[in-house]
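The values are calculated or read from the model by the stated rules, or taken from the named source; none is laboratory data. No experiment lies behind these values; they were computed from the predicted model shown. Every residue, glycine as well, gets a Cβ built from its backbone with ideal geometry; the counts of neighbours run over all protein chains shown. Surface areas here come from the heavy atoms of the whole protein model, side chains and all, with no ligands, DNA or RNA. Shrake-Rupley method; radii C 1.70, N 1.55, O 1.52, S 1.80 Å.
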Amino acid sequence: MYELAEKALKAATKYGAKEAEVYIMESQKTSVNIQKDLIEGAKENITTGIGIRAVVDGAVGFASTNIMSHIEEAAKNAVISARTQDPDKEWKALPSNQKYPSVSGIFDTDLQNMELDDCIAHTMEMIESAKTVPGITVTSGSFGRSHGKRLIINTNGVDVEEEGTAVSGFVDVITNSGETSTAYDFAISRSNDIDFGLIGKNAAELAKRSQDTISVEPHRTEVVLHPFAFSDLIENAFMPSIDADNVQKGRSNLIGRKDEIIANEKLSIYDDGLLEGGIETGIADDEGVASQRTTVIEKGTFRSYLYDTYTAGKDGVESTGNGSRNSYLSTPSVGPRNFIIDFPQCDVVADTDSGVYVNTVIGAHTANSISGDFSVEARNAFTIKDGKLDRPIKSLMISGNIFDMLKNVNGAGTDVRKVGGTITPSIRVSDMSVVG
């Protein structure tokens with residue numbers, strides 16, 4: 001990888017780049033798909049690709065390729081791309097070499113060496129475990145395993161090489177007798193420590209518990225949101241407002257609100273690129289800025305936006321290490337790392353006299369990312385009575401505003417889950433509108 005990267009860097013400077021950056025990724029992925037109680041197929045993909053940023057007189061160009069014999073051509077195209085654009089007056093510089101922290105829990109030899117037969121066996125664990133619950137059909141699902149490397153170097157001395165692994169399982173089920181009900185469960189990890197049988201069992205038991213539903217009248221009540229539901233709302237209704245690019249373009253509810261109390265004074269939120277075993281953990285972000293832990297909300301008070309190098313340069317601050325890429329095919333933009341929700345924990349359902357419990361929501365992507373308003377369909381919802389889950393609810397909509405929600409958080413469970421890069425327990429919110 002170093003030989004390829006250095007070749008690309010030299011080519012970019014040869015063709016006239018004043019600054020240049022090379023991002024190389026290699027990945028090996030195994031995926032197994034489920035359809036109707038059966039494994040539909042399994043495949044392994046190996047990908048290598050390179051993305052090159054070239055800066056000429058303040059204009060930034062980009063090119064990429066997955067054909068390594070075309071590296072020089074890609075570097076030339078990146079320079080040509082820069083020369084066809086007007087200089088960006090806001091551009092400062094690519095990141096410079098810096099001291100990188102140590103991280104742990106992101107690489108597992110067992111996952112690196114996992115054979116296809118083992119991947120299929122884990123997939124079958126999910127299916128067979130779900131089918132131990134009578135009256136259940138597994139409608140769909142998937143297993144995924146990946147092992148990858150990335151290398152980032154630039155003309156300012158950045159030199160980052162890192163290797164990591166990940167594994168995930170997902171199952172969606174439906175009842176095949178009685179009232180129709182669906183449910184799913186999901187888990188993801190950087191290590192080979194997932195109980196895949198539990199994924200299938202959890203989904204199946206939830207679908208069965210969600211039968212024999214009742215209707216509820218519209219009212220305002222306490223709502224306990226499972227980590228799946230809460231993370232969906234946070235990611236779609238809150239995270240866009242702390243993206244420095246949105247702030248700079250006037251698309252955030254939090255413009256000019258640093259050091260203002262915006263949440264319950266017991267609630268803190270951190271963006272942590274150093275979290276042990278975190279899905280988004282690494283020694284650096286995707287442009288070579290050292291990872292760090294950023295306090296977004298500290299005991300209810302808003303403290304920081306998230307920055308990549310470009311947006312940090314526009315505001316005259318340091319990057320928070322949130323330069324993120326989907327792949328070698330794209331340039332960096334602001335993205336969260338491990339987003340941690342911190343609130344004093346208890347047995348949140350037992351601590352609730354009456355209310356509603358919601359496992360998942362549908363439609364969070366339609367939330368207004370500026371105002372924070374949302375209206376979503378709740379799935380696998382239950383009434384709470386005397387500190388216990390009582391009756392499943394036939395149909396339910398919940399609506400509100402994410403900033404009002406953060407102020408009205410009044411409880412958190414002990415059931416912390418990694419939902420992608422969001423790490424959260426169940427969260428209880430007072431005075432929410434529910435419509436049956």
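In the set (1) of a type in the set (Ser, Thr, Tyr); (2) in contact with a Gly (Cβ under 8 Å, 6 or more places away or on another chain); (3) touching a residue at least 60 places away in the same chain (Cβ under 8 Å), Ser319 fails one condition alone, (2). The residues in segment 78-127 that are more than 30 Å from Glu21 (Cα to Cα), open to solvent by 60 Å² or more (accessible area, probe 1.4 Å) and in contact (Cβ under 8 Å) with a residue 24 or more places away in the chain can be counted, and the count is 3.
A single member of Asp108, Asp86, Asp159, Asp117 is more than 30 Å from Asp286 (Cα to Cα) and of a type in the set (Asp, Glu), and it is Asp117. Evaluate the following for Ser168: is it more than 21 Å from Phe62 (Cα to Cα) and either open to solvent by 60 Å² or more (accessible area, probe 1.4 Å) or not in a strand (DSSP E or B) (or both)? Taking the combined requirement at face value, the residue does not satisfy it.
Filter segment 404-427 for residues that are within 14 Å of Glu235 (Cβ to Cβ) and open to solvent by 10 Å² or more (accessible area, probe 1.4 Å) and give the result. Answer for segment 404-427, where residues must be within 14 Å of Glu235 (Cβ to Cβ) and open to solvent by 10 Å² or more (accessible area, probe 1.4 Å): Arg417, Lys418, Val419, Gly420, Gly421, Ile423.
Residues that are closer than 19 Å to His219 by Cα and touching a strand residue (DSSP E or B) at 6+ places or on another chain (Cβ under 8 Å), at least 3 per element: which strands (runs of 3 or more DSSP E) completely within segment 362-436 meet that? Result: 373-385, 388-392, 396-401, 427-435. Acidic (Asp, Glu) and either within 26 Å of Gly49 (Cβ to Cβ) or part of a loop (DSSP other than H, G, I, E, B) (or both), is that true of Glu128? Taking the combined requirement at face value, the residue does not satisfy it. Scanning segment 255-265 for residues that are out of contact with any strand residue (DSSP E or B) (no Cβ under 6 Å at 6 or more places or on another chain) and β-branched (Val, Ile, Thr) yields one hit, Ile255.
Just one of the listed residues (Ser252, Ser231, Ser268, Ser241) is over 30 Å from Leu206 (Cα atoms), in contact with a strand residue (DSSP E or B) (Cβ under 6 Å, 6 or more places away or on another chain) and open to solvent by less than 40 Å² (accessible area, probe 1.4 Å), namely Ser268. For Thr366, the conditions (1) among the hydroxyl-bearing types (Ser, Thr, Tyr); (2) farther than 18 Å from Thr424 by Cβ; (3) open to solvent by less than 70 Å² (accessible area, probe 1.4 Å) are fulfilled apart from (3). Could you check segment 171-183 and list, in sequence order, the residues that are part of a strand (DSSP E or B) and surrounded by 20 or more Cβ atoms within 10 Å (Cβ to Cβ)? Result: Val171, Val173, Thr175, Ala183.
Here Gln345 fulfils each of the conditions (1) open to solvent by 20 Å² or more (accessible area, probe 1.4 Å); (2) under 22 Å from the mean Cα position of the chain (by Cα); (3) within 30 Å of Ala378 (Cβ to Cβ) apart from (2). Filtering Gly420, Gly413, Gly436, Gly372 for residues that are under 30 Å from Gln292 (Cβ atoms), at pLDDT below 95 and either touching a His at 6+ places or on another chain (Cβ under 8 Å) or not hydroxyl-bearing (Ser, Thr, Tyr) (or both) leaves a single hit, Gly420.
Might you let me know whether segment 130-151 holds any residue that is farther than 27 Å from Ile283 by Cβ, free of Cβ contacts under 8 Å to residues at least 40 places away in the same chain and β-branched (Val, Ile, Thr)? Looking for residues that are farther than 27 Å from Ile283 by Cβ, free of Cβ contacts under 8 Å to residues at least 40 places away in the same chain and β-branched (Val, Ile, Thr), one finds none in segment 130-151, hence no. Restricting the first member to segment 259-277 and to residues that are under 18 Å from Phe403 (Cβ atoms), and the second to residues that are open to solvent by 10 Å² or more (accessible area, probe 1.4 Å) and among the acidic types (Asp, Glu), the beta-carbon pairs closer than 8 Å and six or more apart or on different chains are Leu267/Asp342; Ser268/Glu298; Ser268/Asp342; Ile269/Asp342. On inspection, Thr295 fails the criterion of being part of a helix (DSSP H, G or I), of a type in the set (Ser, Thr, Tyr) and modelled with pLDDT of 95 or more.
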